[in-house]
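The values are calculated or read from the model by the stated rules, or taken from the named source; none is laboratory data. Since we're looking at a predicted model, the values are computed, not measured. For neighbour counting, all protein chains shown are included, and Cβ atoms are generated from backbone atoms with ideal geometry for every residue, glycine included.
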Amino acid sequence: MNWPYKHLLSISQLSGDDIRTIFELSTHFTEVNSRPVKKTPTLKGKSVVLFFAEPSTRTKISFDMAAKRLSADTFSLATSGSSLQKGENLKDTGLTLQAMNPDLIVIRHELSGSASFLANKLDCSIVNAGDGWHAHPTQALLDGFSLSQVWDSFSGKTLLILGDIAHSRVARSDAELFSKLGVNLRVCAPGTLLPADISEWPVEVYQDLDAACKNIDAVQCLRLQLERQENGLLPNLREYAMHFGLKADHLNSANPGVKILHPGPINRGVEIQSELADCENSLILDQVGSGVSIRMALLYLFLTRTEQAES
């Protein structure tokens, strides 16, 4: 397989066929992950740097596990205890890492555009694991893959993205990915948590959760960061939970078998009722498992591509 991309910076660079190729390969790695011995020699000798300048549990561990299951070597860098804490800038940190000759760097950073910045400065492949409010392509891919395992087709399905849309890189990447797969998209949030350019998104906008849930096939609940209340964007968390927290009653008008997703970590009782997070239609833990398979597929594609492929 001649994968045409050197970097994964956002979903916008991928076509629908690219996304389906990633899903197909991820299905193979899901089977690998179910074996008693979950390891292959596919990427033996390859080196992957996990450059996480923001806290992460699911994304960082799943990338680490994905690389090791493919027999690649991983090396971790975090802000705490590194030269970043001493004031070193992103460019110098990137060049320092490049001098160690890694094959691929996975980066999470608070600054939007940080992954693209490194991609323009370094020789190795860059995979964006979340940059500011801009993009989180691997999260969107695992969200789509999780639904592909329970839906026969994406065509005609309706997905609701619920919560803090304005500050969510997940919402942006999900909107790009699912629109390319033919899904009808809705978003629901208070006006203060909608981005200024929402009219340019391929979505229907709701501010009434009951109306937003009518005839949906899945809902992606977004984590509400507590600082939104401190910044005056919300009166209080109780009122947010009352009007925009997903509850069982909201799903009475949804299509049968409606699926529930959440990228985590969950604020139970705020953006989602605890019982819903644990119900049989919840795919939240499936998303975590899908994350390993998707990231194995991506590491395989980017670390076995030919040098002649387009970046």
Selection from the stretch 128-144 of residues that are touching a residue at least 40 places away in the same chain (Cβ under 8 Å) and surrounded by fewer than 24 Cβ atoms within 10 Å (Cβ to Cβ): His134
Among residues of the stretch 33-53, those that are surrounded by fewer than 18 Cβ atoms within 10 Å (Cβ to Cβ) and of a type outside the set (S, T, N, Q), counted: 8
Qualifying residue in the stretch 250-262 (condition: modelled with pLDDT of 95 or more and farther than 18 Å from Ser282 by Cβ): yes
Residue list for the stretch 159-210, filter: hydrophobic (A, V, I, L, M, F, W, C) and touching a His at 6+ places or on another chain (Cβ under 8 Å): Val170, Leu193, Leu209
Check on Leu285, in contact (Cβ under 8 Å) with a residue 12 or more places away in the chain, assigned to a helix (DSSP H, G or I) and under 24 Å from Leu177 (Cβ atoms): no
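Residues are listed down the side, and each one gets a yes or a no for (1) at pLDDT 95 or above; (2) among the charged types (D, E, K, R):
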{"site": "Thr40", "(1), (2)": "yes, no"}
{"site": "Ser47", "(1), (2)": "yes, no"}
{"site": "Ser62", "(1), (2)": "yes, no"}
{"site": "Arg69", "(1), (2)": "yes, yes"}
{"site": "Ala72", "(1), (2)": "yes, no"}
{"site": "Thr79", "(1), (2)": "no, no"}
{"site": "Gln85", "(1), (2)": "no, no"}
{"site": "Thr93", "(1), (2)": "no, no"}
Whichever residue in the stretch 49-60 is part of a helix (DSSP H, G or I) and at pLDDT 95 or above and, among such residues, is nearest to the chain's Cα centre (by Cα): Thr59
Within the stretch 61-78, tally of residues that are surrounded by 16 or more Cβ atoms within 10 Å (Cβ to Cβ), of a type in the set (S, T, N, Q) and over 15 Å from the mean Cα position of the chain (by Cα): 1
Residues located in the stretch 96-119, provided they are within 26 Å of Thr306 (Cβ to Cβ), within 23 Å of the chain's Cα centre (by Cα) and either at pLDDT below 95 or not β-branched (Val, Ile, Thr) (or both): Asp103, Leu104, Ala115, Ser116, Phe117, Leu118, Ala119
Contacts under 9 angstrom Cβ, first residue in the stretch 1-15 being within 13 Å of Ser179 (Cα to Cα), partner part of a loop (DSSP other than H, G, I, E, B) and among the hydroxyl-bearing types (Ser, Thr, Tyr), 6 or more apart: Leu14/Tyr5
Residues of the stretch 94-151 satisfying the condition of being out of contact with any Gly (no Cβ under 6 Å at 6 or more places or on another chain), of a type in the set (A, V, I, L, M) and under 30 Å from Val219 (Cβ atoms): Val106, Ile107, Ala115, Val127, Ala129, Ala135, Ala140, Leu141, Leu147, Val150
Sole residue being part of a helix (DSSP H, G or I), touching a residue at least 40 places away in the same chain (Cβ under 8 Å), surrounded by 17 or more Cβ atoms within 10 Å (Cβ to Cβ) and over 23 Å from the mean Cα position of the chain (by Cα), chosen from Thr30, Thr93: Thr93
